[in-house]
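No lab work stands behind these numbers, since they all come straight from the coordinates. Only a predicted model underlies this, so the values are computations on that prediction, with no experimental measurement involved. Here the Cβ is made from the backbone with ideal geometry for all residues, glycine too, and neighbour counts use every protein chain on show.
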Amino acid sequence: MKRLICLMLLLVFIIDGLSGQSLEKSKVIAFTPKLNTQVNGIGLGVIMMSFKYDGDSTTTKINGFNFELLGFGIFGPLVSGNPLIPYDLTINQISPVLDSLILETKKLKAYKVNGLNISIGGLAGNDIQMNGLNISGISTLTARSKGVSIALIMNMNKVMHGVSFGIFNQSLEHKGLQIGLFNRSEKTKGIQIGLWNKNEKRALPFINWRFK
């Protein structure tokens, strides 16, 4: 596992360094991560991440198809605690600050994919927005998603409007449908179907809902 982690980080630094040598505004096919670039076509890469993101501009915007060979979602099952909630907050403390956490995701604009994303390990990053169909081999973690998110093990979307399929589905805000063995949402407008379902109002087996 240590060798795999080292290899992934090495590949990220190499690709990121090559991408940073030439900042192009628009591409039909691009190798990601690529700084301040809009891709109208196909994005190909190992991991959608850039250590050079300065927080002021969109690093990568892909309209079309994005493919990740690995993706940080491969480490999703190893994450301890709840990655959607800041480490200094408990589940019981989140209610007063929930709206601000949800609103904060609107400001995140480092990476945006509009269309189809396929990631063998999984699309994962606190600054990623996904609109369309996302298919992750292991797990997904995004700031905001609209559409359909499918993951073998887990979907962790801070804000999800649409449908989530996975063994575990969790959102700070979910509007739509969660289907899995275990579903959880802190602010819900929709339906949960699974072995155990929990929203801000109740926890129920098999099916749960909230529409207000």
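The slack between Lys201 and Ile179, meaning 0.36 nm per residue of separation minus the straight C-alpha distance, is 6.1 nm. Along the range 196-209 the Karplus relation, 6.51 cos²θ - 1.76 cosθ + 1.60 evaluated at θ = phi - 60°, assigns HN-Hα couplings of 9, 10, 9, 10, 6, 9, 7, 10, 9, x, 6, 8, 9, 7 Hz to successive residues, with x for each Gly and Pro.
The 3J(HN,Hα) values that the Karplus relation (6.51, -1.76, 1.60; θ = phi - 60°) gives for the range 126-140 are, in residue order, 5, 10, 9, 10, 10, 10, x, 10, 10, 10, 10, x, 10, 8, 10 Hz. Gly and Pro appear as x.
In what order do Arg144, Arg202 fall by count of nearby beta-carbon atoms within 10 Å, going from fewest to most?
Neighbour counts put them in this order, fewest first: Arg202, Arg144.
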